1. In the chain, if the dipole is taken from +1 on Lys/Arg beta carbons and -1 on Asp/Glu beta carbons about the Cα centre, which of 376, 195, 103 is farthest to the positive end?
2. Sort 119, 70 from largest to smallest accessible area, using a 1.4 Å probe on the heavy atoms of the protein chains.
3. How large are Rg and Dmax for region 226-381 when calculated on the C-alpha trace, in angstrom?
4. How high is the FRET efficiency between residue 224 and residue 313 when r is their beta carbon distance and R₀ equals 25 Å, given to the nearest 0.05?
5. With each pseudo-label sitting 7 Å past Cα toward Cβ, what's the residue 66-residue 46 distance in nm, one decimal?
6. Using only alpha-carbon positions, what ratio does the radius of gyration of region 25-97 give when scaled by 2.2 N^0.38 Å?
7. Measure off 7 Å from each Cα along the Cα-to-Cβ vector at residue 356 and residue 242, then give the distance between these two points in nanometres to one decimal.
8. Could you state the accessible area per residue of the chain in Å², with a 1.4 Å probe and every protein chain left in place?
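The values are calculated or read from the model by the stated rules, or taken from the named source; none is laboratory data. All figures in this text were calculated on a predicted structure; none of them were measured in a lab. A quick note on method: Cβ atoms are made from the backbone with ideal geometry, for glycine too, and the neighbour counts reach across all protein chains shown. Accessible surface is based on the protein model in full, side chains and every heavy atom, while ligands, DNA and RNA are left aside. Shrake-Rupley method; radii C 1.70, N 1.55, O 1.52, S 1.80 Å.
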Amino acid sequence: MWRQPRAILWATAAVVTLGFLIALEIAARHYGLPGPITTQAQEVVFAPQSGFLLYASMALMMVVLTWRQRFIAAGVAIGIDLTFLLVRWATDTKVTDGHPFGNGALWVILGYAVIALTRRTGRERVLLLKGVGLGVLLVTGRKTGDAWLLITSKTRPAVLDQYVATADHALGNPSWMVGRIVTATGPIGTHFLDYVYTLLPVAAVVVTVYQLRGVAVERRFPRHHLVRTFLVIGLLGPGIYMIFPVVGPIFAYGADGGHWAVANLWPDTPPPINTPHHMPFDEITPRNCMPSLHTAWATAIFIHSLKGPRILQFAGACWLIATLGATLGFGYHYGADIIAGVVFTLTIEAALRSLERGWDRSGIQLVAYGATVFTALLVSYRYLPMEMAEHPWVFGPLLLLAMTSVVHGYVRTTKLWEPKAAPAPLTEPQPELV
């Protein structure tokens with residue numbers, strides 16, 4: 001009775017995912033570019049966009065393997081990559097885009113999919129396919145995100161940056177402030193934050209591998225882990241991009257925006273307080289600011305790292321802080337995006353945890369409250385930006401209070417969900433010989 005509904009659920013999810021990928025592939029080809037299925041298939045032979053991501057995906061897949069199988073898989077992946085390097089060297093093939101490694105990791109992932117279907121049966125086949133699925137989902141999520149960004153740039157010709165930039169006066173224009181700080185640090189600070197920003201999936205894999213470290217022994221996955229939150233954030237976030245298209249301060253108010261920018265103001269001069277309007281923008285720059293999904297993913301990493309050892313907690317906190325510095329300091333996001341991203345993540349995490357443990361009144365209230373606050377933030381950014389800019393000492397604290405209230409509600413509610421430690425049994429006094 002239990003297995004049949006679960007099988008139907010997994011089959012439905014697989015069909016929906018495949019249909020979604022096919023739809024994105026068709027949409028991308030409509031605009032003259034390859035979609036997620038094509039770009040992923042190309043990386044079997046051609047230089048991958050990110051070799052680090054493919055090896056991180058392989059590491060995620062290997063949580064279901066024994067240590068001996070892990071060493072063999074890693075050795076095979078490195079051997080395949082060395083073979084590709086030799087072939088490219090012999091044929092004088094230059095890698096001009098992407099990384100010269102990573103094909104081997106993808107081959108190993110696909111190889112274990114074949115092994116699961118041909119050499120495994122029963123629960124072992126299901127477990128290995130789940131491991132392969134985790135690895136493939138990480139890579140496919142990246143490709144899907146690229147296709148979504150293309151669609152946002154093609155279907156949303158006008159952006160709402162003037163509204164968000166005006167509302168950001170209530171927070172003191174944090175992107176402009178942090179941008180000047182990052183610029184003052186020179187190339188060292190810039191390169192460090194750039195690595196943090198681009199290698200966010202690798203940090204997620206580190207936390208996930210720790211969470212799934214017992215899968216190879218227990219032969220089952222935990223009911224909730226970081227990958228689930230990551231995927232749902234990536235699935236729902238682009239939908240908000242379509243509703244609230246924003247390109248970011250470095251494009252709307254900086255040199256990167258070219259003649260489409262309002263003016264070349266970022267990061268030296270905060271924008272003046274004027275009545276905001278929709279502004280047309282190019283068909284290349286993604287409308288991927290509201291909410292900040294990098295902030296959302298870094299927040300999810302931090303939340304899940306709290307269950308790990310102290311060094312993992314420290315790493316999760318540092319990664320969150322550095323990600324915030326990068327998103328603001330590179331001019332990719334406004335402060336309003338950051339607040340929305342935090343609320344977005346906590347609401348999704350609360351929903352997934354409620355789904356795992358069973359919905360109750362506290363879970364429903366927390367998710368409903370988070371969704372209400374998130375909606376209120378977007379509505380206020382769109383319809384109250386002038387009021388927010390003209391009364392920063394009122395709306396600035398209100399924005400921070402709204403975010404803090406969701407954080408407090410999440411912490412308080414999830415603490416009640418934690419299993420209580422059983423009290424130590426009382427030992428009765430034993431008679432002694434006199």
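1. Of the options given, the answer is 103.
2. Working: 119 175, 70 40 Å².
Result of the area sort, largest leading: 119, 70.
3. Taking only Cα atoms of region 226-381, I get Rg and Dmax of 17.2, 53 Å.
4. After rounding to 0.05, the efficiency reads 0.85.
5. For residue 66 paired with residue 46, the spin-label model returns 4.0 nm.
6. Working: Rg = 15.4 Å, N = 73, 2.2 N^0.38 = 11.2 Å.
Ratio of Cα Rg to 2.2 N^0.38 Å: 1.37.
7. 2.9
8. Details: 22870 Å² over 434 residues.
That works out to 53 Å² for each residue.
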